[in-house]
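Q: Take this structure, written in structure tokens, and hold onto it; I'll ask about it next.
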Amino acid sequence: MLSDLQGQFLATIPAVDPTTRVPWCGRWRVKDLVVHVARIHHWAAGQARRTEETPLGRGPFVLTDLYGSCAAELRETLAELGPDARSWTLLGEGPASFWHRRQTHETLVHLWDLRTAGGLDLAVDPVVWADTVDEVVTVMQPRQERMGRMEPLPAPVALHATDADRTWSLGGPAAPAVHVTGRARDLALLLWGRRSPDDGLRVDGDRAALDDTLSRRLTP
């Protein structure tokens with residue numbers, strides 16, 4: 001899946017004006033988004049190898065060349081290491097497969113950014129989007145809390161993906177204050193700050209608790 005998403009990302013770069021704003025990413029333009037994802041791939045390859053990456057420099061870059069090179073570096077590194085090689089991960093030392101998953105979702109969310117900024121659709125299996133939700137619930141949000149970047153949630157938020165038949169409890173196993181139901185893609189984009197609860201989602205319960213949750217740094 002990572003290779004397919006990277007291929008779509010690379011193919012989309014020439015289709016979108018590099019000066020186009022990416023509203024979900026602060027002041028970024030498309031060119032900033034592409035350089036960011038390329039740098040993250042390059043950095044992740046170093047983490048997988050347990051080495052400090054060689055800086056890419058400040059540019060300017062030929063965007064397709066830069067992204068294509070960094071995407072290939074990541075794929076080739078992970079293929080060479082195999083899924084069980086010991087790597088540096090966001091959770092300490094762990095298997096290199098961590099980076100396949102992490103970079104799949106990094107690429108997916110930013111591919112949505114890129115294509116949506118350019119007015120282009122994106123069709124991805126709901127199962128993949130559901131795993132994006134799962135990564136936030138099981139990896140990203142707990143890590144943010146451990147690192148002191150957010151306070152524990154006062155009550156969990158239940159998430160229900162109608163097109164992937166999956167349910168999560170964001171914030172712990174206690175009784176949820178609110179239930180959010182919708183497509184896996186919309187739930188993932190909600191957690192990554194790209195969607196509002198009013199964008200195709202059903203909210204049952206304490207809306208104020210949901211708004212409070214979404215105001216926190218659930219992801220890096």
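Q: For a footprinting-style exposure proxy, rank I40, I13 by other Cβ within 10 Å, fewest first.
A: I40, I13
Q: Most exposed first by the Cβ proxy, i.e. fewest other Cβ within 10 Å, how do F61, F9 rank?
A: F61, F9
Q: Can you give the Rg/Rh ratio of region 126-214, where Rg is from the C-alpha atoms and Rh is the Kirkwood radius?
A: The Rg/Rh ratio comes out at 0.93.
Q: What does the net charge come to around R102 if you take all other residues with beta carbon closer than 13 Å to its beta carbon, with K and R at +1 and D and E at -1?
A: Taking every other residue near R102 into account, the sum is -2.
Q: Please name which of L108, P18, A175 has its Cα lying farthest along the dipole of the chain towards the positive end, using unit charges on Cβ (Lys, Arg +1; Asp, Glu -1) and the Cα centre as origin.
A: P18
Q: Taking the Cα centre of the chain as the origin, how large is its charge dipole in debye, to the nearest 20, when only Lys and Arg (+1) and Asp and Glu (-1) carry charge on their Cβ atoms?
A: 540
Q: What is the Cα coordinate range of region 3-53 on the first, second and third principal axes, sorted by size from largest, in whole angstrom?
A: 35, 25, 14
Q: Return a whole-number percent for the relative contact order of region 1-135, with Cα pairs under 8 Å and 6 or more residues apart as the contact set.
A: 31
Q: Once label points are set 7 Å from the Cα along Cα→Cβ at both R39 and A79, what is their separation, rounded to one decimal in nm?
A: Rounded to a tenth, the inter-label distance reads 2.7 nm.
Q: Same structure, new question: Work out Dmax and Rg for the chain from the C-alpha atoms and quote the Rg first, both in angstrom.
A: Answer for the chain, Rg first and Dmax second: 17.7, 51 Å.
Q: Stokes-Einstein at 10 °C, 1.306 mPa s, Kirkwood radius from Cα pairs: D for region 101-165 in µm² s⁻¹?
A: 117
Q: Enumerate the calculated ³J(HN,Hα) couplings along region 157-162 in order (Karplus 6.51 cos²θ - 1.76 cosθ + 1.60, θ = phi - 60°), each rounded to whole Hz, writing x wherever the residue is Gly or Pro.
A: 10, 8, 10, 10, 8, 6
Q: Which of L10, L114 has the fewest other C-beta atoms within 10 Å, and how do the rest follow up to the most?
A: L10, L114
Q: Output wanted: per-residue J couplings in Hz (rounded whole) for region 101-112, from phi through Karplus 6.51 cos²θ - 1.76 cosθ + 1.60, θ = phi - 60°, x for Gly and Pro.
A: Per-residue couplings from phi come out as 5, 4, 6, 4, 7, 4, 5, 4, 4, 6, 5, 4 Hz.
Q: Calculate the FRET efficiency for R50 and S3 from the Cβ-Cβ distance with a Förster distance of 25 Å, rounded to the nearest 0.05.
A: So, using R0 = 25 Å, E works out to roughly 0.65.
Q: Rounded to two decimal places and with Rh computed the Kirkwood way over Cα pairs, what is Rg over Rh for region 2-117?
A: Value, to two decimals: 0.97.
Q: Round to a whole angstrom and tell me the spacing of the C-alpha centers of region 90-154 and region 25-45.
A: Here the two parts' Cα centres lie 15 Å apart.
Q: Taking every DSSP beta bridge that has both residues in the chain, what percent is antiparallel when rounded to the nearest 5?
A: Of all bridge pairs located within the chain, approximately 70 percent are antiparallel.
Values in this text are rule-based calculations from the coordinates and carry no lab data. Just so we're clear, the structure is a prediction, and the values are computed from it rather than from any experiment. With ideal geometry, Cβ positions are generated from the backbone for all residues, glycine too; neighbour counts draw on all protein chains shown.
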